[in-house]
Structure formats: C-alpha cells, structure tokens
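Only one structure is covered here, and it is reproduced in the block below.
The values are calculated or read from the model by the stated rules, or taken from the named source; none is laboratory data. All values reported here derive from a predicted model rather than from experimental measurement. All Cβ positions, even for glycine, are placed from backbone atoms using ideal geometry, and neighbour counts span all protein chains on display. Areas reflect the complete protein model, heavy atoms only, side chains present, ligands, DNA and RNA absent. Shrake-Rupley method; radii C 1.70, N 1.55, O 1.52, S 1.80 Å.
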Amino acid sequence: MKTIVTDSVKETAKIIKKGGIAAFPTETVYGLGANVYDEKAISKIFKAKGRPGDNPLIVHIAHKKHLEILAREIPEYARKIIRQFFPGPIALILKKNEIVPDVVTAGLDTIAIRMPSSKIALDLIKECGFPVAAPSSNLSGSPSPTSFVHVLQDFKGKIPCILIGPKAKFGLESTVVDCTGRDPVILRPGVVTLEQLKKINKNIKYQSRTLKIISPGQKYRHYSPKAKVRFVKRETSNLKRGTAYIGLNKKFAKGFEHVNICSSVEEYAKHLFSFFRECDQIGIKTIYCDKVSEKGVGLAIMNRLMKAIG
Ligand code: AMP
Ligand code: MG
C-alpha cells in the first residue's frame, strides 16, 4: 500500500471521510483515526495495529456538544472534569449511546471520550465533521509513538495516510477516568494527575493492579521495547555495552552506551517512549530506568515502566 505522508489536514480528512484510516499528531501520542460511525473503517484500525478486538478505542471530539451525542448519563463530577480539563490529555469513560457501533467499544456499554488540545488534531476532527475513534498509532505491543518518525517505523506501506506534525507535547497516553460510578476511578494514570482530579472529587481513586480489570487495555503488556527494561540500582555501575539509562540521576548515568538524563519528571515522561525506540534502533539489550516517586506525573511514569518490565 502507498502511504501518503502529508502535512495537509484537508488531504488527511478526505481519506478518513472516504472510510480510510490515518495517523495524526496529538499532545499525548500520535493516534490512528477513523470515522467513529463507520464499522468497516474501525475494523481497519484493529487490523493494522494487530489490536485484540476486546480492547476498545478512545473517541476524539472537537466540540463538547458531541459528548451528548455519544454518551448518556454524564454525572456532575464528570461535567466538572470536562469544564476544567477538556480539551486536554484526559479521556472519560461514560455510558454510551446506541449510535456508537459496538466495534468501537469492543462490545462494552461504555465509551471513552477525549477532546485533544493539540491544534492540528482539533483541526482534523473539525474538518472530518464527525468524532474520530483513535487508539495510539503503534503496532500493538510496541511503545506508543511520540513523533511521526515512530509512526513511519510501524506503518509505512501499511496505512493509507500519515499526517505529520509536531512531536507530542506530553509523550504519554491520556489519563483514563471511569465516570460511570458514584465516584470517579482512574483506570490509567497520565499527565492530568490524581492530585489535580482530587480537587474536583476527593473520593477519586486510582484502581491499583490488584483490583478487577475494568479497562481491557490494562491486561495487555504494553509500551515494550524489544530490549529488556529494568529499574536502575546503585550496583548497576560500570556497565558494559548494550545497556542504556534514562532517568533523573546524573550519578547513575556512568558506563552506559546510551544515556538520557532528564531535568524533570515531565521531561522523563515526554522522552520515555522515544528513548525506548531509539534503544531498539541501536541494538541496546537492556534499558535501565530510574524509579520515581508515585506523585504527580510520577504515577504515570511508574505505571508505564511496570508494564514495560512485565
Ligand atoms: P489507547 O488509545 O491505545 O491508548 O488505548 C485506549 C485505552 O483506553 C485502553 O487502555 C482501553 O482499554 C481504554 N478504554 C477505551 N474504552 C474503554 C471503556 N469503554 N472502558 C474502559 N476502558 C476503555
Ligand atoms: Mg495504545
């Protein structure tokens, strides 16, 4: 298949409107989008990614009025989250309306909805005129793409269109919040933090790994480079070839073949997936990563690291 690589929102929207799929930039990671109402187009996303059919997609909107079309029963706390964080790197799980095809939600009675803040993503969705269902634009199991270069690595020749734009501002997938119960529950931590959401609803919880899996995506090993991922320890010094380090601590960073010292947890989050991909490209065998405290964005970093370690 010929892959059109373009910076034209119009050209990309045209392909999606005709029932095709296209990768596009957002502030979290690149997405792989299709018309939410077109079942055939949606199934192309699952096929291209090799995504299990029981892992639902996030539906991206550019107008808040589309919330009421896609979802029913929006609780007051969810409305507060929407007022404060839409558009932004957060997806809400709500009860879905009939109009949403079952393939999008993997047969669930609920739907994940997000309004991206990235201008180019919003322009694309507006140009389409309908909500765009889009998971991350990576092959299932590989690290999420934070630059169009990563999308090319996974999908050149396999999808009809890649809309190129800036690198992802945040570099981690959205915070996913279940808003179908009495109180909200974080299913996937992200850049919108538990602490920020607590200010809206003090009863909000983060569903730890031991609890029942509500979000199907959580059961799959994710975000994994080909290299092994390990936490760095003091003893992990004078290392040899084939090892890499990413983290906040300069003093750990000696003796590695490839290093990324980050100046903040935000920078760590932003660089993590692209570092994983760089390491695979140069044949690194083991990537050592700093542990961070599970505060703020640190909770999301530790969640992704635990998944990559497996
Ligand atoms: P991705 O867009 O690739 O980051 O994946 C979307 C994430 O949202 C996955 O972890 C899904 O399991 C989760 N998700 C999407 N829809 C729902 C839903 N209706 N209920 C629970 N989790 C969902
Ligand atoms: Mg994904």
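For the chain, the equivalent ellipsoid built from the Cα gyration tensor has semi-axes of 31, 24, 16 Å, listed from largest to smallest.
Once you reduce the stretch 2-81 and the stretch 225-275 to the center of their Cα atoms, the two points are 34 Å from each other. Farthest towards the positive end of the charge dipole of the chain, among the residues LEU272, THR286, MET302, is the Cα of THR286, using unit charges on the Cβ of Lys, Arg, Asp and Glu. Residues in the chain average 45 Å² of solvent-accessible surface per residue, probe 1.4 Å, ligands and nucleic acids excluded. Here is the size of the stretch 3-144 from its Cα atoms: Rg then Dmax, 14.0, 44 Å.
Using a Gaussian network model of the chain in which every pair of alpha carbons under 10 angstrom is joined by a spring, one finds that among GLY107, GLY298, GLY190 the greatest mean-square fluctuation is at GLY107.
Sparsely packed loop sites in the stretch 247-310 (the trypsin sites (Lys or Arg not before Pro) outside DSSP H, G, I, E and B with at most 12 other Cβ atoms within 10 Å) comprise LYS254, LYS295.
Label separation (LYS47 vs LYS119): 3.6 nm, computed from points 7 Å beyond Cα along the C-beta direction. Within the listed set LYS65, LYS126, LYS205, the Gaussian network model of the chain (springs between alpha-carbon atoms below 10 Å) gives the highest mean-square fluctuation for LYS65. Distance between the pseudo-spin-label points of ARG182 and ILE69 (7 Å out from Cα toward the beta carbon): 3.5 nm. Taking only protein heavy atoms and a 1.4 Å probe, the accessible area of the chain is 53% carbon and sulfur. Under 15 Å of direct C-alpha separation, and excluding same-chain neighbours fewer than eight residues apart, LYS291 reaches these aspartates and glutamates: GLU235, GLU266, GLU267.
Maximal additional length on extending the GLN281-MET306 stretch stands at 6.8 nm, based on 0.36 nm per residue less the C-alpha distance. Think of each Lys and Arg Cβ as +1 and each Asp and Glu Cβ as -1; about the Cα centre, that makes the dipole of the chain roughly 720 debye. In this structure the amide hydrogen of SER137, modeled in the peptide plane, comes within under 5 Å of the amide hydrogens of TYR30, GLY31, LEU32, none closer than 5 places in sequence on its chain. Simple point charges give the picture: +1 on the Cβ of Lys and Arg, -1 on the Cβ of Asp and Glu, and for the stretch 11-162 a dipole about the Cα centre of about 220 debye. The slack in the chain from SER263 to LYS95, taken as 0.36 nm per residue of separation less the alpha-carbon distance, amounts to 56.4 nm.
A full extension of the chain between ASP54 and ASP109 corresponds to an added length of 18.5 nm, given 0.36 nm per residue minus the alpha carbon distance.
Under a plain spin-label model, where a point goes 7 Å from the Cα along Cα-to-Cβ, how far apart in nm are GLU11 and LYS291? Output for this residue pair reads 4.9 nm.
Comparing VAL151, VAL232, VAL29 in a Gaussian network model of the chain (Cα springs below 10 Å), the most mobile by mean-square fluctuation is VAL232.
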